[in-house]
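Report on the structure given below.
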Amino acid sequence: MNQVASGLVTSQWNIATLGLLAASDGAINWHTLFFFIFALTACGFALAVLVSSHVVRMAFFLIVSLSAASGVMFTSGAHFVGTMQLLIYVGGTVVLLIFGVMLTAQEAFITLKTKAGDWVLGILVGGTLLALLVQVAFLDPTWHSTDYQQRLAAQHEAVTEELRQELLAGRDRSELSPETLQKLADLESEIASGFPENVGRIGLALVGVRADTTDESVGLAGYLLPFEIVSVHLVVVLVGAAYLARAKRRRTDLIE
Amino acid sequence: MGFLSEPVGLSHYLAVGAFMFVMGAVCMATKRNTLGILMGVELILNGANINFLAFASPYFREDNLGLDGHMLALFVIVLAAAEAAVALAIALNFYNNHATIDVDRASELRG
């Protein structure tokens, strides 16, 4: 009976670890693969925005670049911010820009060629800056790679082993210690879906409650005040933008 | 394809952020179209956001920014939306008054 139970438990838990352990013996690391797909798309289309001189194409390349950037955000574990990037940036800001393009797209302005001297100067300064920044990014050798997946797999292995020992010691499946089972459930949820609880924590932080830290020195340092400021700022800015961009027929009538 | 089996680290994310930042900066410097300059600003803000989220990620460092990085990135997104609305209104005004969107011909905007 115990043998059967332990066999069931190990086979069920091994499926979850396979995805993690496969990465260690030369197979494709899926996180890396998707990071490179999104990163290369984002960078390539950002370059296309710079190189293209056709303003409608620039807007399209910008959409692809920003969408791929949201993919990069997803691979860094920031699911909510990545979603907001897609909703607000790609769905809102860039649509606004495209309206601007459509409102001003006259024959003479669709392609405004940059002067050759400006190109040379821009590429010189930009290339220097890029070389400097990339060098700084790779300065710290501990930043080159991460052992997060291996650490998680090791923890998972340890907890599974603990449970297996309990089963082999003759305990029934219903008598396993609840703390260890909870630890295992937490680890498996972290492996499968990252940190979905961050969404609720972001919402709480916006109303001034920090649920993610027990640090006393942080106290009630939520984001209620910045949230209020940015809300009022957004209202003022949008009213101002509507005022600036309105049709000015009445004023010219008065002058005439 | 050895690099595909190695986990990526913080440096790779910072490099992507740096690349998008530089593309945006050069875009702002070289484009003559007002809307092209606006697109450069969007690219710059995105590069900054990727850096914030990379430093906030629990995957790369033990002492990460955590939720603070996510909050800052969200505020950057909201402020970028506000900035785009105002800048677009100014560009439309400029276009209505001067019948051009070439910034090289915007010298009359001086005071």
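If you go through the stretch B:25-39 and keep only what is surrounded by fewer than 24 Cβ atoms within 10 Å (Cβ to Cβ) and more than 7 Å from chain A (Cβ to nearest Cβ), you end up with B:28, B:37. Can you confirm whether residue B:54 is facing chain A (nearest Cβ under 7 Å) and either buried (at least 21 other Cβ atoms within 10 Å of the Cβ) or without any contact (Cβ under 8 Å) to a residue 12 or more places away in the chain (or both)? Yes.
Selection over the stretch A:103-133 of residues that are without any contact (Cβ under 8 Å) to a residue 24 or more places away in the chain and of a type in the set (Lys, Arg) gives a count of 1.
Counting only residues that are over 21 Å from residue A:88 (Cα atoms) and hydrophobic (A, V, I, L, M, F, W, C), which one in the stretch B:57-71 is surrounded by the fewest Cβ atoms within 10 Å (Cβ to Cβ)? Checking each candidate, the answer is B:65. Residue count for the stretch B:63-111, restricted to those that are closer than 30 Å to residue A:87 by Cα, hydrophobic (A, V, I, L, M, F, W, C) and not in a helix (DSSP H, G or I): 2.
Given (1) over 15 Å from residue B:34 (Cα atoms); (2) part of a helix (DSSP H, G or I), identify the lone condition not met by residue A:107. It fails just one condition, (2). When restricted to residues that are at pLDDT 90 or above, facing chain B (nearest Cβ under 8 Å) and assigned to a loop (DSSP other than H, G, I, E, B), the stretch A:113-145 contains 1. Of the listed requirements (1) touching a Phe, Trp or Tyr at 6+ places or on another chain (Cβ under 6 Å); (2) touching a residue at least 12 places away in the same chain (Cβ under 8 Å); (3) in a loop (DSSP other than H, G, I, E, B), residue B:60 misses just one: (1). Per the listing A:88, A:110, the residue uniquely surrounded by 14 or more Cβ atoms within 10 Å (Cβ to Cβ), out of contact with any Phe, Trp or Tyr (no Cβ under 7 Å at 6 or more places or on another chain), modelled with pLDDT under 90 and more than 16 Å from residue B:24 (Cβ to Cβ) is A:110. Flag: residue A:73 does not match the condition of being within 9 Å of another protein chain (Cβ to nearest Cβ), among the aliphatic types (A, V, I, L, M), crowded, with 16+ Cβ neighbours inside 10 Å and more than 14 Å from residue B:46 (Cα to Cα).
Among the residues in the stretch B:4-24, are any over 30 Å from residue A:105 (Cα atoms), facing chain A (nearest Cβ under 7 Å), free of Cβ contacts under 8 Å to residues at least 24 places away in the same chain and of a type in the set (Asp, Glu)? Yes, there is a match, as at least one residue in the stretch B:4-24 is over 30 Å from residue A:105 (Cα atoms), facing chain A (nearest Cβ under 7 Å), free of Cβ contacts under 8 Å to residues at least 24 places away in the same chain and of a type in the set (Asp, Glu). One residue stands out in the stretch A:76-104 among those that are facing another protein chain (nearest Cβ under 7 Å), small (Gly, Ala, Ser) and within 22 Å of residue B:38 (Cβ to Cβ): the one that is farthest from the chain's Cα centre (by Cα), namely A:100.
Where helices (runs of 4 or more DSSP H) sit wholly within the stretch A:185-256, those with at least 3 residues that are modelled with pLDDT of 85 or more and more than 7 Å from every other protein chain (Cβ to nearest Cβ) occupy A:198-206, A:224-245. Residues in the stretch A:130-176 that are among the aromatic types (Phe, Trp, Tyr) and more than 23 Å from the chain's Cα centre (by Cα): how many? Within the stretch A:130-176, residues that are among the aromatic types (Phe, Trp, Tyr) and more than 23 Å from the chain's Cα centre (by Cα) number 0. Would you point out the residue of the stretch B:25-51, among those that are assigned to a helix (DSSP H, G or I) and in contact (Cβ under 8 Å) with a residue 40 or more places away in the chain, that is farthest from residue A:198 (Cα to Cα)? Taking the candidates together, the pick is B:34.
The values are calculated or read from the model by the stated rules, or taken from the named source; none is laboratory data. Computed from a predicted model, the values in this text were never measured in an experiment. When we count neighbours, we look across all protein chains shown, and the Cβ atoms used for this are built from the backbone with ideal geometry, even at glycine.
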